[in-house]
1. What whole number of Å gives the distance from the Cα centroid of the range 1-61 to the Cα centroid of the range 93-122?
2. What is the Cα radius of gyration of the range 75-123 over 2.2 N^0.38 Å, N being its residue count?
3. Taking the convex hull of the alpha carbon atoms in the chain, what volume per residue do you get, in Å³?
4. Please give me, ordered by residue number, the trypsin sites (Lys or Arg not before Pro) of the range 48-136 that lie in loop per DSSP and have at most 16 other Cβ atoms within 10 Å.
Amino acid sequence: MKEKVDMHSQLLMHYRIALTNGTEIESSFDDEPVEISMGSGVLTEGMELALYGLQTGDKQTLALTPEQGFGLRDEDNIHKMPLSEFPDDLKPESGLVFEFETQSGEDILGTILSVKDDRAEVDFNHPLAGQSLVFTVEILGINNARASLSNP
């Protein structure tokens, strides 16, 4: 009996993320396959749900709502920041993406929306937030953790 993807699976797979208009965002199909541990946070919850029950050799393409992808846009994630908080050697300009450190020490990306006077308006939403996506996967291999625990 073939193993199926479950919440403990280690996967070897190809994937593609595209916008509904066909614009490809990311793909491994022309490169090396990726290794994914289910539940590791590499994939969104909606993407993981699309994988459950698949078997080695399965290929699937699904349309994901913004909630299943990278969430809805939140206007509360847009902040005005003084230009003095940016590195001297990197001038903020509209469209640039910067990495910021939160108060808790986590790194987060922010996209500059505009620069006026001595402040920059920064969008901390994920760049794909609010977008419907097309998620394509091909499962090349499955290793379920509980199976490897019983076979040392």
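1. 31 Å
2. 1.07
3. 161 Å³
4. Taking the range 48-136 and a limit of 16 other Cβ atoms within 10 Å, the loop trypsin sites (Lys or Arg not before Pro) found are R73.
Values quoted throughout were computed directly from the atomic coordinates according to the rules given, and no laboratory measurement underlies them. Nothing here was measured: the structure is a model prediction, and the numbers come from that model. All Cβ positions, glycine included, derive from the backbone under ideal geometry; neighbour counts span all protein chains shown.
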